[in-house]
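The block underneath contains the structure these notes are about, expressed in structure tokens.
The values are calculated or read from the model by the stated rules, or taken from the named source; none is laboratory data. Predicted model, so just to flag it, every value in this text is computed and none were measured. Neighbour counts run over all protein chains shown; Cβ positions are idealised from the backbone, glycine included.
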Amino acid sequence: MATNTQSMRPSSWQGIDDIVIVGGGLAGLFCALKLSPRPVTILAAAPIGHGASSAWAQGGIAAAMSAGDTFDKHLADTLAAGAGIVDDKMARLMISEGPDRIRDLLAYGVPFDRDLEGHLLLSREAAHSERRIVRVKGDMAGKAIMEALIATVRKTPSIRIMEGYVVEELVTEGKFVSGVIARPDAGQSTTRVSFPARAVVLCSGGVGHLYEITTNPAEARGQGLGMAAKAGAMIADPEFVQFHPTAIDIGHDPAPLATEALRGDGAWLVNKSGHRFMADLHADAELAPRDIVARGVFAEVAAGRGAYLDCTKAIGKHFPEMFPTVYRSCLQAGIDPVTQLIPVVPAVHYHMGGVLVDADGRTTLDGLYAAGEVTSTGVHGANRLASNSLLEAVVFAARIADSIKGMLPESRLYEWPKEAGENDELVTVEDSPQLKTLRGLMSAHAGVIREREGLVGLIRAIQQLERDNTRLRFSNIAAAAKLIAVAALKREESRGGHYRADFTESAEPWHHRTFITLKEAEAAAQEIAG
């Protein structure tokens with residue numbers, strides 16, 4: 001339903017372009033640059049680059065660029081990690097366009113590691129058959145990529161950056177998304193502002209902060225997913241949540257990450273007694289797919305034996321220069337990884353599910369595109385292959401830009417932001433009591449290991465929390481949590497990142513992706529509630 005508003009246009013602005021990008025992470029910035037010189041507006045809750053998981057990515061970007069590597073090999077690894085439900089056409093498309101996007105990033109000034117002859121230095125990560133991870137100073141890829149893109153974006157006159165605008169709602173007219181409503185002043189304003197648009201690009205990030213232990217920033221609360229679902233968008237594969245096996249277990253929220261590249265360079269996982277437990281669980285030991293390693297670490301921690309990353313032998317004295325980010329995190333916690341073990345625990349790291357999009361990033365709602373972790377393109381299947389996420393973000397962000405240029409060839413100026421009413425639902429730094437409760441429940445019942453009784457209780461609890469907190473933003477968060485829980489309950493098998501203790505094997509009837517609307521999830525939840 002269209003929103004009635006009153007004009008509130010600053011005299012220094014004459015109009016607003018017809019493309020609004022929600023989110024200042026990798027996907028949003030890359031899309032804006034690819035749309036240049038066409039005018040766009042980026043709405044970001046925090047200064048661009050802050051509050052974005054992209055900036056924290058340590059491993060790098062996967063791309064088949066070495067002499068011995070091929071697109072087919074990269075695809076085979078992606079399909080194997082995805083546990084049978086990867087959309088192979090979408091994955092091949094992503095992989096084949098990867099090298100060109102790496103070259104784009106180089107052109108934007110990203111200082112990828114090179115060897116003495118100037119060639120890109122490629123490393124290997126878990127479940128990759130070749131060295132194909134393009135990195136920056138070992139573990140600083142995300143930070144370096146974002147710094148380069150931010151600098152380029154700020155120098156690009158066609159890009160308007162509106163920082164401190166917390167987007168709370170999509171404005172719809174039937175099946176058409178006609179703009180967004182945001183709260184200025186980092187969510188502290190009582191006034192809400194409407195931004196009309198012919199195209200909205202949702203790049204709002206993932207769902208990590210729905211869980212108690214996560215490597216994601218607090219802004220990754222699933223609000224973009226919830227907003228799109230409430231507007232009627234089809235959601236795909238929400239039950240598939242990836243847990244990083246080696247978050248550093250020092251009680252921080254979010255938990256600092258010990259990159260998978262450490263294991264790629266030979267670090268072992270051991271318990272308190274020094275036993276290398278992953279060698280008992282998989283032929284690839286520490287380099288097994290992430291879901292298997294996460295469950296292995298979880299089992300050791302749950303049994304009281306603890307889990308630790310031993311980097312002392314394979315990396316040792318080279319740790320500070322090879323992995324400066326991890327080294328700094330360890331030292332701040334009083335751990336010297338050169339000589340000491342790093343305590344680790346599984347933490348929510350990435351959501352394979354999200355808003356369903358096609359090869360051009362179009363959702364099932366006209367006028368709404370999406371890119372990055374908020375989406376489900378199908379390229380990750382049930383379990384994302386390491387370092388394919390940044391690749392997915394840049395490939396599909398570029399394809400969205402091309403699609404918009406073709407679909408909306410003429411820029412059109414709209415009247416600048418309009419007032420969209422007032423309320424006191426201000427953004428708070430601390431989690432609300434309901435969100436704190438939700439995070440604990442999600443970790444307990446929709447976490448590394450799930451079963452029917454816990455999921456049923458979780459769904460009932462989400463409904464009660466919604467009754468206790470009727471604020472708009474919490475309803476967006478709760479919608480995302482409900483989609484994850486209902487889809488996890490419905491999938492009576494174990495596959496990839498989704499593991500059911502009561503259905504421990506994969507089942508042929510479930511050898512397919514999940515497609516679900518919020519309306520369908522609500523109906524299932526009501527049936528459970530009786």
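I'm checking my understanding of the structure. Among residues of segment 1-45 that are at pLDDT below 50 and outside any loop (DSSP other than H, G, I, E, B), which one is nearest to ILE150 (Cα to Cα)?
ILE16
Tell me, please, whether a residue that is touching a residue at least 24 places away in the same chain (Cβ under 8 Å), in contact with a strand residue (DSSP E or B) (Cβ under 9 Å, 6 or more places away or on another chain), among the acidic types (Asp, Glu) and surrounded by 15 or more Cβ atoms within 10 Å (Cβ to Cβ) can be found in segment 121-134.
Among the residues of segment 121-134, at least one is touching a residue at least 24 places away in the same chain (Cβ under 8 Å), in contact with a strand residue (DSSP E or B) (Cβ under 9 Å, 6 or more places away or on another chain), among the acidic types (Asp, Glu) and surrounded by 15 or more Cβ atoms within 10 Å (Cβ to Cβ), which makes the answer yes.
Could you grab me the full set of residues in segment 434-454 that are assigned to a helix (DSSP H, G or I), in contact with a strand residue (DSSP E or B) (Cβ under 9 Å, 6 or more places away or on another chain) and under 15 Å from VAL486 (Cβ atoms)?
MET442, ARG452
For (1) under 26 Å from VAL301 (Cβ atoms); (2) crowded, with 21+ Cβ neighbours inside 10 Å, each residue gets a yes or a no:
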{"residue": "LYS436", "(1), (2)": "yes, no"}
{"residue": "VAL448", "(1), (2)": "yes, yes"}
{"residue": "ARG452", "(1), (2)": "yes, no"}
{"residue": "GLY457", "(1), (2)": "yes, no"}
{"residue": "ALA461", "(1), (2)": "yes, no"}
{"residue": "GLU466", "(1), (2)": "no, no"}
{"residue": "THR470", "(1), (2)": "no, no"}
{"residue": "PHE474", "(1), (2)": "no, yes"}
{"residue": "ALA478", "(1), (2)": "no, yes"}
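Report, by residue number, each residue of segment 72-82 that is buried (at least 16 other Cβ atoms within 10 Å of the Cβ), among the hydrophobic types (A, V, I, L, M, F, W, C) and at pLDDT 95 or above.
If the condition is that a residue be buried (at least 16 other Cβ atoms within 10 Å of the Cβ), among the hydrophobic types (A, V, I, L, M, F, W, C) and at pLDDT 95 or above, then LEU75, LEU79 are the ones that fit.
Take THR156 and decide whether it is surrounded by fewer than 20 Cβ atoms within 10 Å (Cβ to Cβ), among the β-branched types (Val, Ile, Thr) and in contact with a strand residue (DSSP E or B) (Cβ under 7 Å, 6 or more places away or on another chain).
no
Scan segment 357-375 and tell me whether some residue there is basic (Lys, Arg) and either assigned to a helix (DSSP H, G or I) or more than 23 Å from the chain's Cα centre (by Cα) (or both).
No - not one qualifying residue is present in segment 357-375.
Out of everything in segment 60-103 that is outside any helix (DSSP H, G or I) and touching an Asp or Glu at 6+ places or on another chain (Cβ under 7 Å), what residue ends up being farthest from GLU260 (Cα to Cα)?
Step by step, filter segment 60-103, then rank; the result is GLY68.
If the requirement is being in contact with a strand residue (DSSP E or B) (Cβ under 8 Å, 6 or more places away or on another chain), modelled with pLDDT of 90 or more and not aliphatic (A, V, I, L, M), which of these qualifies: GLU212, GLU239?
Unique residue meeting the criteria: GLU239.
What number of residues within segment 287-341 are of a type in the set (Gly, Ala, Ser) and without any contact (Cβ under 8 Å) to a residue 24 or more places away in the chain?
The qualifying residues number 6.
Among the residues of segment 455-495 satisfying the criterion of being part of a loop (DSSP other than H, G, I, E, B) and of a type in the set (D, E, K, R), which is farthest from ILE516 (Cα to Cα)?
Ranking the candidates gives ARG471 first.
List pairs: first in segment 461-473 and within 22 Å of ARG192 (Cα to Cα), second assigned to a helix (DSSP H, G or I) and not small (Gly, Ala, Ser), Cβ under 7 Å, 6+ apart or cross-chain?
Partner pairs satisfying both residue conditions: ASN469/GLN434; ARG473/GLN223.
Going by the conditions given, is LEU149 under 24 Å from the mean Cα position of the chain (by Cα) and surrounded by 18 or more Cβ atoms within 10 Å (Cβ to Cβ)?
In short, yes.
Scanning segment 331-356 for residues that are under 22 Å from the mean Cα position of the chain (by Cα) and outside any strand (DSSP E or B), which turns out farthest from ALA229 (Cα to Cα)?
Among those residues, the one meeting the criterion is MET352.
Could you grab the pairs with beta carbons closer than 6 Å, sequence gap of 6+ or different chains, first residue in segment 150-168 and aromatic (Phe, Trp, Tyr), second one crowded, with 22+ Cβ neighbours inside 10 Å and in a strand (DSSP E or B)?
From segment 150-168, the pairs are TYR165/LEU43; TYR165/ALA182.
Need the failing condition index for GLU522 against (1) of a type outside the set (Lys, Arg); (2) over 21 Å from the mean Cα position of the chain (by Cα); (3) more than 26 Å from GLU168 (Cβ to Cβ), just the number.
Single failed check for GLU522: (3).
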